[in-house]
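The values are calculated or read from the model by the stated rules, or taken from the named source; none is laboratory data. For clarity, every value in this text was computed on a predicted model and none was experimentally measured. Glycine gets a Cβ as well: all are built from the backbone with ideal geometry, and neighbour counts include every protein chain shown.
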Amino acid sequence: MSQTHRDKSGFETRAIHAGYEPDPMTGAVIPPIYATSTYKQDGVGGLRGGYEYSRSANPTRTALEGALAALEEGERGFAFASGLAAEDTILRALTKPGDHAVIPDDAYGGTFRLFDKVAKVWGLEHSPAAVSDVEAVRAAIRPGRTKLVWVETPTNPLLNIGDIEALAAVAHEAGALLVVDNTFASPYLQQPLTLGADVVVHSTTKYVGGHSDVVGGAVVVRDLAIADAIGFHQNAMGAVAGPFDSFLTHRGLKTLGVRMDRHCDNAEQVVAFLVDHPQVAEVIYPGLAAHPGHAVAARQMKRYGGIVSFRVTGGEEHALAVCERAEVFTLGESLGGVESLIEHPGRMTHASVAGTELEVPPDLIRLSVGIESIEDLIADLGHVLEPRR
Ligand SMILES: *Cc1c(COP(=O)(O)O)cnc(C)c1O
């Protein structure tokens, strides 16, 4: 029942069927939540289906892992307790003290903190570089020491685009692996392994789960030696996705394609509305021809995603007022759920980089455009952008 990149059925078919066959005993169409820590053995070492202890493997998690591998066109998938647990497992599986990694100069805050405050203490050094600048990434590589080139695309919240194919070539020339955090695009819009990346990592908390009701992470790879290293560390470190969380994430995953199309439809309409609005100074969206990463995004992404960032004309005070007055857009962190969210990166998700070169503009607002009725989303934005009397 191995569902891998050899499964050539369509994306939505894989999303719904890969990783699980209806239960042979009951016919249950959906993987049961196997709330069990251990498994009866038929004689010593006589495991049924390889299950021995639920840190090592649990059937509910196995089903999710198979589906994730199939959607990313990988060979093996691994599900974790959070995106950061997945990232930590990659670092420990694929680097050792004295090694070096290149990371995005606008990396997700938690990723930066993991490299800067945790991995560094254990001897893994890192250098930031702009993912949109292949030559800057090449220049940041330390020959012989750089083991990982770590990329997000699109990045958060400025939606910079990295050319996965070109970055894979640069990493491989230096004997390093390319890791792509595919959280923002989701496997529906972009499959980094097909473009030469070695490792894909996700916060499944976002689009993959899609309903803002579960925290999780995933790693998908093609190379079996890398898979063995990740699998060994997943079990050895133990930050696995539990069966209840695996069930919820897998349930969300089945509708990823239809949700992403609606996220993209709505985001495109929101962008069209904002671009012409007199209170909006700049709209940042990779689907806009003027976006510096547009050509690369057009090549490697199916569509441009559900995240839209924009700057208002009235400075920080104006941006804060817009965020606070929104009603259909909920003021909150995170992204990728069915509900629309609005946030002020400077004071919220990116407050920790204030005063550094990673600081974001104070008049910037980030939207995670949900799948509500588009008329209501546009009306809400129109209302909050009106100058206050
Ligand atoms: C949220 C997020 C993470 C971290 O994932 P958690 O599930 O919160 O641990 C990593 N990368 C990106 C791009 C994210 O948005």
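Quick look at the numbers
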quantity	calculated
Within region 332-375, tally of residues that are in a helix (DSSP H, G or I), loosely packed, with under 13 Cβ neighbours inside 10 Å and in contact (Cβ under 8 Å) with a residue 12 or more places away in the chain	1
Residue count for region 273-305, restricted to those that are under 19 Å from Leu335 (Cα atoms) and assigned to a strand (DSSP E or B)	2
Flag for Val308 being outside any helix (DSSP H, G or I), without any contact (Cβ under 8 Å) to a residue 60 or more places away in the chain and touching a helix residue (DSSP H, G or I) at 6+ places or on another chain (Cβ under 7 Å)	no
Subset of region 129-161 that is touching a residue at least 60 places away in the same chain (Cβ under 8 Å) and over 20 Å from Val200 (Cβ atoms) - its residue that is nearest to the ligand (Cβ to nearest atom)	Pro157
Residue match in region 25-45 (condition: farther than 24 Å from Leu224 by Cβ, surrounded by 10 or more Cβ atoms within 10 Å (Cβ to Cβ) and basic (Lys, Arg))	no
Lone qualifier among Ala236, Ala185, Ala225, Ala229 - being more than 14 Å from the ligand (Cβ to nearest atom), assigned by TED's automatic domain parsing to the domain that holds Ala67 and either in contact (Cβ under 8 Å) with a residue 24 or more places away in the chain or under 19 Å from Leu253 (Cβ atoms) (or both)	Ala229
Residue in region 77-86 that is over 19 Å from Ser203 (Cβ atoms) and surrounded by fewer than 24 Cβ atoms within 10 Å (Cβ to Cβ) present	no
Residue in region 280-303 that is among the acidic types (Asp, Glu) and not assigned by TED's automatic domain parsing to the domain that holds Ser212 present	yes
Residue list for region 323-336, restricted to those being touching a Phe, Trp or Tyr at 6+ places or on another chain (Cβ under 9 Å) and within 20 Å of Val384 (Cβ to Cβ)	Cys323, Leu335
Evaluation of Gly110 against (1) more than 18 Å from Ala229 (Cβ to Cβ); (2) surrounded by fewer than 23 Cβ atoms within 10 Å (Cβ to Cβ); (3) at pLDDT 95 or above (one fails), failing number	(3)
Where Ile226 falls short, out of the listed (1) within 27 Å of Thr194 (Cβ to Cβ); (2) buried (at least 21 other Cβ atoms within 10 Å of the Cβ)	(2)
Selection within region 88-128 - of a type in the set (A, V, I, L, M), part of a helix (DSSP H, G or I) and within 16 Å of the ligand (Cβ to nearest atom)	Ile90, Leu91, Leu114, Val118, Ala119
Close pairs from region 263-286: first closer than 16 Å to Glu386 by Cα and buried (at least 18 other Cβ atoms within 10 Å of the Cβ), partner of a type in the set (Lys, Arg) and at pLDDT 95 or above, Cβ under 8 Å, at least 6 apart	Val280/Arg311
Residue within region 348-364 that is closer than 20 Å to Val208 by Cα and either touching a Phe, Trp or Tyr at 6+ places or on another chain (Cβ under 8 Å) or assigned by TED's automatic domain parsing to the domain that holds Gly83 (or both) present	no
Count of residues meeting criterion [within 19 Å of Ile284 (Cα to Cα), within 16 Å of the ligand (Cβ to nearest atom) and not charged (D, E, K, R)] in region 311-341	4
